[in-house]
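K.L.:
The structure under discussion is supplied below as structure tokens; questions concerning it will follow.
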Amino acid sequence: MSSNGNSGNALPRAGRALPWALVTPALGWTLLFFVLPFIAMGFSSLTAHEGGGFTLSNYSQFFTNPSYWQAMVNSLQVTAIVTLLSVLLAYPFAWILAEQVPERWQRLALMLAVLPFWTSYVVRSYSWLLVLAQNGVINRALTGSGLIAEPLQLANTRLATVTGFVHFFVMLLTLTIFANLKQLSPSYRKAAADLGAGPVRTFLHVILPLTLPGIMVGAFLTFVLCIGDYITPQILGGNNELLMPQLVMMQIGRRGDFPLASALSIILMAVVTVAYLACARWLKIERA
Amino acid sequence: MRQLVRVVSWLYALTVYGFIFLPVVVLVLFSLQATSFPIPPFTGPSLRWYDAVLSDVRLTSALVNSLLVASISSAAAVTLGFLSAWGFARFVLPGSGLLRGLITLPLTVSYLIIGMGLLVLFNWAGVPKSLLAAGIGHVVINLPLCFAIIYSQMGDHQINIERAARDLGAPEWKVLLLITVPVMAPAIFAGFFLSMTFSWDEFVISFLLTRFDTTLPVEIWNLLRSGLNPKTNAVGSLVFAVSIVLVVLFELTLLRRRKT
């Protein structure tokens, strides 16, 4: 803001300490309850669970224990599938809301599309269980109509975890992609049409590239939220295959092993940071 | 061709809406189930499970705890966020960009890791698990949100009103309380209600940092161990209703801002 300097000068001299008095509580809170815990976690990850003393064994365990390593592989696979599916499902949907729905209904259509966003997160995963269980809605419908004889194993599978995640992220990505499409000036489309491009070419060569930054921001958000989530895999996936957050919680819940849980959390954060750096080119746009 | 695109679009949109609404409809429908299992065929309608939820002391006290933690932690987050937003928007501070970045940093870290960090810190400092500890975590996740909302709404026209008040001899605290707070009220309420919805629904931090007294999402989690149960449907539907009320309040405060 350009007028900051002026308003600063307009302050009485006695008020020089005021700006710091305003920002210090928030900064202090962040330092005390966000930065300091993070440092504590860093230290903890370098100590032995029993007896204390500094060690790198928590980190080396991750690389040598195949089941820990597998949790990360599972997490990355699930997150990649979820992100891809969510973008593929949400993009046409957002496009239809932005282009095919009449202007005055758009706000309502969008609000309806994100309404289930506001159910409790724990409850939303549980409701998918109602749909996917052995005697749940889908299996009852399939056996009832005679399509299959035996109920399918849908709950407690990777498919269930992915379904629960995609359900959540389709709503999120619809929001971000819709906003992105609405920001496009209609003149791009007109210009492409004037130059003789058909609808398909216009979409592939004009609309899609212009909305790519928005997609990347949404995909990154999906990645971060998905890979760090404990609830959905725990409720829907069961314990058949572990994802990283489940592994972290297991160290705390069953074994009280804070150092190992800290090390695994830090590894998880490192992966997110790498993903951030990989998309930084697109993500910077939001910062400006 | 155009007609075909239209028909395919409608079918696609309806399918996605169906996918999005399926679990919610199933949840609410089977909360009205008369028998003991929330599975087809539907045997309702009956309000007995709502009755069971409202007479369950653990659930109702968890509900009160959730509302308490959500309102107090949101009030704290919005106060800290507002003061710092005002400070950064109105005064030139050295390293301002960096400090603003620091305040918004928690937005990029998953709740699980924020909760873990606090758990390790409190464990070392000997702070017992409690609703207060969880509330502290909720302020950590909501403060950046409140700050970002309020900071983005600090416009230039408000500076002039504040300056006029100062010229007329108002001390800083009067400018803040009588001018800035009322002018910024829509953004402040929007930040408050949005924080409420997040804190009200937050699970992992509360799960890690509370023990005996706990919040509703954690209590629902405990309920899930008993398998599919219409009581869970009923409490879930109630949580949905409260969230919708909060979101409507958020929308209304935001819409009021747009009109002025």
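The values are calculated or read from the model by the stated rules, or taken from the named source; none is laboratory data. As the structure is a computational prediction, the values presented were derived from the model and not from experiment. Cβ placement follows ideal geometry from the backbone for every residue including glycine, while neighbour counts extend to all protein chains displayed. Remember, those area values only see protein heavy atoms, side chains included, never the ligands or the DNA or RNA. Shrake-Rupley method; radii C 1.70, N 1.55, O 1.52, S 1.80 Å.
K.L.:
For segment A:34-50, what are the residues that are within 7 Å of chain B (Cβ to nearest Cβ) and buried (at least 22 other Cβ atoms within 10 Å of the Cβ)?
P.N.:
A:PHE34, A:PRO37, A:PHE38, A:ALA40, A:MET41, A:SER44
Condition check ((1) touching a helix residue (DSSP H, G or I) at 6+ places or on another chain (Cβ under 6 Å); (2) among the hydroxyl-bearing types (Ser, Thr, Tyr); (3) without any contact (Cβ under 8 Å) to a residue 60 or more places away in the chain; (4) surrounded by fewer than 16 Cβ atoms within 10 Å (Cβ to Cβ)) across all residues:
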site	(1), (2), (3), (4)
A:LEU147	no, no, yes, yes
A:LEU154	yes, no, yes, no
A:ARG158	no, no, no, no
A:THR161	yes, yes, no, no
A:VAL166	yes, no, no, no
A:LEU173	yes, no, no, no
A:SER185	no, yes, yes, yes
A:TYR188	yes, yes, yes, yes
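K.L.:
Which one of these is at pLDDT 95 or above and either open to solvent by less than 20 Å² (accessible area, probe 1.4 Å) or closer than 14 Å to B:ALA75 by Cα (or both): B:ILE159, B:ILE220, B:ILE136?
P.N.:
None of the other options fit; the residue is B:ILE136.
K.L.:
Based on this model, can you work out whether A:ALA17 counts as closer than 30 Å to B:TYR151 by Cα and exposed (fewer than 13 other Cβ atoms within 10 Å of the Cβ)? Spell out how you get there, then give the answer.
P.N.:
Numbers: closer than 30 Å to B:TYR151 by Cα: yes; exposed (fewer than 13 other Cβ atoms within 10 Å of the Cβ): yes.
Yes: the conditions hold for A:ALA17.
K.L.:
Separate question: For segment B:183-196, which residues satisfy the criterion of being open to solvent by less than 10 Å² (accessible area, probe 1.4 Å) and touching a Phe, Trp or Tyr at 6+ places or on another chain (Cβ under 9 Å)?
P.N.:
Start the filter on segment B:183-196 by keeping residues that are open to solvent by less than 10 Å² (accessible area, probe 1.4 Å), which leaves B:184, B:187, B:190-191, B:195.
Listed by number, the residues that qualify are B:MET184, B:ALA187, B:ALA190, B:GLY191.
K.L.:
Now for a separate question. Return the total of residues in segment B:211-254 being in contact with an Asp or Glu (Cβ under 7 Å, 6 or more places away or on another chain) and away from chain A (no Cβ under 11 Å).
P.N.:
Result for segment B:211-254: 0.
K.L.:
Among the residues of segment A:51-68, what is the count of those that are open to solvent by 30 Å² or more (accessible area, probe 1.4 Å), under 16 Å from A:MET269 (Cβ atoms) and within 14 Å of chain B (Cβ to nearest Cβ)?
P.N.:
So the count comes out to 0.
K.L.:
Another question, if that's okay. State whether one or more residues within segment A:150-159 are within 11 Å of chain B (Cβ to nearest Cβ) and among the polar types (S, T, N, Q).
P.N.:
No - not one qualifying residue is present in segment A:150-159.
K.L.:
Determine the pairs where a residue that is hydrophobic (A, V, I, L, M, F, W, C), located within segment B:201-215, has a partner that is in a loop (DSSP other than H, G, I, E, B) with Cβ atoms under 7 Å apart, the partner being 6 or more residues away or on another chain.
P.N.:
Cβ pairs passing all conditions: B:VAL204/A:TYR230; B:LEU209/B:LYS129.
K.L.:
Whether any residue in segment A:92-111 is open to solvent by less than 60 Å² (accessible area, probe 1.4 Å), more than 13 Å from chain B (Cβ to nearest Cβ), among the aliphatic types (A, V, I, L, M) and part of a loop (DSSP other than H, G, I, E, B) is what I want to check.
P.N.:
no
K.L.:
Tell me which residues, restricted to segment B:26-81, are β-branched (Val, Ile, Thr), at pLDDT 85 or above and within 23 Å of A:ASN139 (Cβ to Cβ).
P.N.:
First, pick out the residues of segment B:26-81 that are β-branched (Val, Ile, Thr): B:26, B:28, B:35, B:39, B:43, B:53, B:57, B:60, B:64, B:69, B:72, B:78-79.
With the extra rule that they be at pLDDT 85 or above, the set shrinks to B:26, B:28, B:57, B:60, B:64, B:69, B:72, B:78-79.
Scanning segment B:26-81 gives B:VAL26, B:VAL28.
K.L.:
Can you tell me how many residues in segment A:148-170 are at pLDDT below 90 and in contact with a Phe, Trp or Tyr (Cβ under 9 Å, 6 or more places away or on another chain)?
P.N.:
Qualifying residue count for the region: 1.
K.L.:
Which ones in segment B:91-150 are of a type in the set (D, E, K, R) and part of a helix (DSSP H, G or I)?
P.N.:
The one that is of a type in the set (D, E, K, R) and part of a helix (DSSP H, G or I): B:ARG100.
K.L.:
Keeping to segment B:159-206, report how many residues are closer than 30 Å to B:VAL239 by Cα and not in a helix (DSSP H, G or I).
P.N.:
Final tally of qualifying residues: 3.
K.L.:
Would it be correct to say that A:PRO102 is over 28 Å from the mean Cα position of the chain (by Cα) and at pLDDT 85 or above?
P.N.:
yes
K.L.:
Identify, by number, the condition in (1) open to solvent by 70 Å² or more (accessible area, probe 1.4 Å); (2) part of a helix (DSSP H, G or I) that B:PHE42 doesn't meet.
P.N.:
(2)
K.L.:
While we're on this one: Between B:SER110, B:SER130, B:SER74, which is touching an Asp or Glu at 6+ places or on another chain (Cβ under 8 Å) and more than 10 Å from every other protein chain (Cβ to nearest Cβ)?
P.N.:
When all the criteria are applied, what remains is B:SER130.
K.L.:
Can you go through A:PHE203, A:PHE220 and tell me which one is over 21 Å from B:LEU112 (Cβ atoms) and among the hydrophobic types (A, V, I, L, M, F, W, C)?
P.N.:
Within the list A:PHE203, A:PHE220, the selection yields A:PHE203.
K.L.:
So, A:ALA71, is that one within 14 Å of chain B (Cβ to nearest Cβ) and over 30 Å from A:LEU204 (Cβ atoms) or not?
P.N.:
The answer is yes for A:ALA71.
K.L.:
Can you list the helices (runs of 4 or more DSSP H) found entirely within segment A:183-288 that contain at least 1 residues being of a type in the set (S, T, N, Q) and more than 13 Å from chain B (Cβ to nearest Cβ)? Quick ask: steps written out before the conclusion?
P.N.:
Details: elements: A:186-194, A:199-202, A:208-227, A:244-253, A:258-287.
Of the helices (runs of 4 or more DSSP H) lying wholly inside segment A:183-288, those with at least 1 residues that are of a type in the set (S, T, N, Q) and more than 13 Å from chain B (Cβ to nearest Cβ) span A:186-194, A:199-202, A:208-227.
K.L.:
Yes or no: A:ARG124 of a type in the set (D, E, K, R), within 27 Å of the chain's Cα centre (by Cα) and either away from every other protein chain (no Cβ under 12 Å) or loosely packed, with under 14 Cβ neighbours inside 10 Å (or both)?
P.N.:
no
K.L.:
If B:ARG225 satisfies all but one of (1) open to solvent by less than 40 Å² (accessible area, probe 1.4 Å); (2) under 20 Å from A:THR232 (Cα atoms), what's the number of the condition it fails?
P.N.:
Just one mismatch for B:ARG225, condition (1).
K.L.:
Can you report the number of residues in segment B:228-238 which are open to solvent by 10 Å² or more (accessible area, probe 1.4 Å) and either in a helix (DSSP H, G or I) or aromatic (Phe, Trp, Tyr) (or both)?
P.N.:
Number satisfying all stated conditions: 3.
K.L.:
Filter segment A:127-140 down to the residues that are open to solvent by 40 Å² or more (accessible area, probe 1.4 Å) and more than 7 Å from chain B (Cβ to nearest Cβ), then identify the one that is farthest from B:LEU27 (Cα to Cα).
P.N.:
The extreme case among them is A:GLN134.
K.L.:
Find all pairs meeting these conditions: Cβ atoms under 8 angstrom apart; at least six residues apart or on different chains; first residue within segment A:234-254 and within 16 Å of A:VAL122 (Cβ to Cβ); second residue among the charged types (D, E, K, R) and open to solvent by 40 Å² or more (accessible area, probe 1.4 Å).
P.N.:
Pairs found: A:GLY237/A:ARG158.
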